[in-house]
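Here's the structure we're looking at; comments come further down.
Nothing in this text is a laboratory measurement; each read-out follows from the coordinates by a stated rule. This structure is a prediction, so every number in the text was calculated from the model and none was measured. Cβ coordinates were reconstructed from backbone atoms using ideal geometry, including for glycine residues, and neighbour counts include every protein chain displayed.
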Amino acid sequence: MMPTIHFLFRTRHPDVAEFVDPIPLANFEPTNAPQSLMHGVIHTVKNRSELTILLVGETGVGKTSFLSLLANIVEGRRPDTFVQAHYQSNEAGGSCAGSQTQEAMVYEFRSRNGILVRVLDTPGLADTRGLALDDLHKKSIANAIQQHITTIHAVIILANGTLARLGIATDYALTTLSSIFPRSLEKNISFVFTNVSNPLQWNFQSETIPQFLHDAHSFTIDNPFAMEMRLRQLCELPQRPEFEKRMRPSVHNTYTETIDELVSLFNWLNELEPQPTTEILTLYQQVQDIETRIEDALASMEQDSTKRREVEKIKATAAKHGVSMKTYEAYEKVISRPIWSQVETSRHNTLCTVPGCYSNCHQPCNLEFSLDPESMNSCSAMGFSRFRLSSDGKKCEICSHKPDQHRHFNAVWQNKNEEQISVDEDAKAKYLTAKSEKQRQELLLEEMETQLQKFSARIKEQTLEIGRLAEQYSKISLSGNMSAQIEKAIRMLELHQETMRAKGTSEEATELERAVKFLRDKLSVLKKAAHDRATNLTGKVVDFILSAW
């Protein structure tokens, strides 16, 4: 069960002689002002006693620091009494390029007049450890919402205001997370641009914001909490005895400017209608279902395409050089090869993700569910009792592929017998009883052509199904076009790839190259599917008009 962190203790404010008890809500007008917010007093409309905020942003943009700022302001603290308000055990180690927040976490802060401010701190997306981690982070967000939150007043997106444009990683992160945001949430989204105290310092070009967020409100903040923490660190150095005296006014001025901006933010929150989270959870399940069905259709289409290419090759050889029993056996082997599909299971399993490998390597897996490739080293399929070593390290006992080429799925690969294109037994009998080699050649070429037409028809059907699912996705999700989302994922992976090569980590760069190729192939299929679906629908409209005449 995911914990909710409460910061509800009463504290002495430096400007208040006694401890302050919650002030009745009815004593205030619903418009916030700097002086009241400095004392931890928040005014709300419609007798609201709580505000719920979803805090998002790419890895390293400062969500943790902003969260602590919000907690301290809500509880009426001044900079010299600021305290850390982030749950430290939820921090991940390693480079700041990997998400520092491991899972979605709910924090609750109560203002001095009793308003509960609830913040869902989300893991940073665009994690350099892989796109699979982003899927895990989305799942973590959905779980936290399901367990703790019934309505959301706003989604606050943090972005670096010193940059001229939205970074590739931020653009990808927004599009990815917005895939589980319903369109009803569109007016409840705002940007907070960090590291800038006012619009005059803002270098950002608003036209680089994704189209679906063009109308979002924006605020600018140079975080005084981060400045205060840095000041305290510097003041501990022996060579800086006068540092606090000189820098304290700078922190105070930034704090004052931030209070003004947060007043605007809380007044904006008062204008919003809270949105039920049931729609987010429903959309998350719908999106997951659509993505699973698309992946399944892609897998089937890839297998059918491979079979078709192999049959075409055998057919070309048979037409040129004639046929033999070996020719027929090669053809029969291709046709009889099973088509694999993922079937949902109640527990998670370790499956190989190498293209063309459909191994259920450990089912069910006893490890805690994870999409982190590194965790697969601990799966018993790669364990000491079952692994074998080669020149390039540990390999899976079942499929011989590397541990990081495996993932957890709540599914297993299963043979789709009902969709299998099988050898025509009547045609086989005619082939075997044919009187001459020429007759056998003609019969086999005819049989292969029939099977090729079946493959082509089924691939076309699968393409149209992918197009239909992608269109369904674009209608329900705020981020819209699935192809655009994949294009952004490709750009982000290519950026990570360049970084890996610059660091000399060629193995990681090679893995990213494979991931990029997979996404490019998927993008190509999606674009063709969209084109074929549009053409198919146009054809149906024309047929309808002609029939009406």
**Calculated FRET efficiency for the pair residue 474/residue 150, C-beta based, R₀ 25 Å, to 0.05** = 0.35
**Message:** Within 10 Å of each candidate Cβ there may be at most 12 other Cβ atoms; applying that plus a DSSP loop requirement, which GluC sites (Glu not before Pro) in the stretch 196-269 survive?
**Reply:** 236, 242
**Rounded, prolate or oblate (a/c below 1.5 giving rounded, otherwise prolate when a/b exceeds b/c) for the stretch 155-280 by Cα gyration tensor** = prolate
**Global form of the stretch 234-283, assessed from the alpha-carbon gyration tensor, a/c cut-off 1.5** = oblate
**Asked** To one decimal place, what orientation-averaged projected area in nm² is obtained for the convex hull of the Cα set of the stretch 272-389?
**Response** 13.1
**Prompt:** Taking R0 as 51 Å, what's the FRET efficiency between residue 45 and residue 326 from their Cβ-Cβ distance, rounded to 0.05?
**Reply:** 0.05
**Fill in**
If R0 = 30 Å, then residue 250 and residue 214, at their Cβ-Cβ distance, give a FRET efficiency to the nearest 0.05 of 0.30
**Asked** Hey, rough spin-label estimate for residue 534 and residue 83, points 7 angstrom out along Cα→Cβ, what's it come to in nanometres?
**Response** 5.8
**Prompt:** Under the Karplus relation 6.51 cos²θ - 1.76 cosθ + 1.60, θ = phi - 60°, what is the ordered set of whole-Hz ³J(HN,Hα) values for the stretch 40-51, x standing for Gly and Pro?
**Reply:** x, 10, 10, 9, 10, 9, 6, 6, 5, 9, 8, 10
**Message:** What are the ³J(HN,Hα) couplings of the stretch 192-202, residue after residue, when phi is run through the Karplus curve with 6.51, -1.76, 1.60 and θ = phi - 60°? Round to Hz, x for glycine and proline.
**Reply:** 10, 8, 8, 6, 9, 8, 7, x, 5, 8, 7
**Fill in**
Taking the alpha-carbon centre of each part, the distance from the stretch 263-298 to the stretch 299-316 in Å is 40
